[in-house]
Amino acid sequence: MKKIYLFSFILFTTLVSCQKKEGKVLQAQLDTLSINLSGISLSSQVDSIDLTKVSRLTRKEYNDLQLFKVKGLGGYEVSDLSMGQVLFSNNNGKILTVQVITDGEITEFLLSYDKNGDLQDDLLVAYEDMVEYYSEISSKIRSKEIVVQTINYTYGGDEDNQSETSDTAFVKYQITPDFKFVMD
């Protein structure tokens, strides 16, 4: 009977010990995938872009970045797209921006890729309507958090009594270790 108790105790201790080590290994793997971006503000301001000197993406860059998978880019030509900036890159993946620059608007998308270079997620992070000024989107990124601010303008009144109102929405996202943008 003592042998059964001793065997049960050893088996239980071994299982618990292995489980703790497995948990530590998993946590260590997640820690190595930690994504911490430097603080940055993204906004598409017309004054900051020289539209005559914009370097447009090539068809190869478009395909390599898998931009055909980004729904928000539907309807735009490759010649409307420009490389933004690389915000994060290591052996586990990268996060970068791509801009859409047309005669009437500037839009910026945040894109994430896994270690194999496969597109994981996309998020509209900046927008400026240069003609009608009906909406504006800007974002702030700090560490693993993205805050997207959207302002919608409404114009009204007669010629003598013009009025402008706006509503503002803030949406927070977290960047997961697998390079997804999830609402906080």
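In region 83-106, the residue that is modelled with the highest pLDDT out of those that are among the charged types (D, E, K, R) and within 30 Å of Val131 (Cα to Cα) is Glu105. The residue of region 37-57 that is modelled with the lowest pLDDT, among those that are more than 21 Å from the chain's Cα centre (by Cα), loosely packed, with under 14 Cβ neighbours inside 10 Å and not polar (S, T, N, Q), is Val46. If you filter region 102-121 down to residues that are crowded, with 20+ Cβ neighbours inside 10 Å and free of Cβ contacts under 8 Å to residues at least 60 places away in the same chain, you find that the one that is nearest to Gly74 (Cα to Cα) is Phe109. So, of the residues in region 132-183 that are of a type in the set (Asp, Glu) and open to solvent by 70 Å² or more (accessible area, probe 1.4 Å), which turns out to be modelled with the lowest pLDDT? Out of the qualifying residues, it is Glu132.
Screening Lys3, Lys21, Lys60 for residues that are open to solvent by 40 Å² or more (accessible area, probe 1.4 Å), outside any strand (DSSP E or B) and modelled with pLDDT of 55 or more leaves exactly one candidate, Lys60. If you go through region 84-97 and keep only what is under 16 Å from the mean Cα position of the chain (by Cα) and either crowded, with 16+ Cβ neighbours inside 10 Å or in a loop (DSSP other than H, G, I, E, B) (or both), you end up with Gly84, Leu87, Phe88, Asn92, Gly93, Lys94, Ile95, Leu96, Thr97.
The values are calculated or read from the model by the stated rules, or taken from the named source; none is laboratory data. Since this is a predicted model, take the numbers as computed values, not measurements. When we count neighbours, we look across all protein chains shown, and the Cβ atoms used for this are built from the backbone with ideal geometry, even at glycine. The area values use the complete protein model at the heavy-atom level, side chains included, leaving out ligands, DNA and RNA. Shrake-Rupley method; radii C 1.70, N 1.55, O 1.52, S 1.80 Å.
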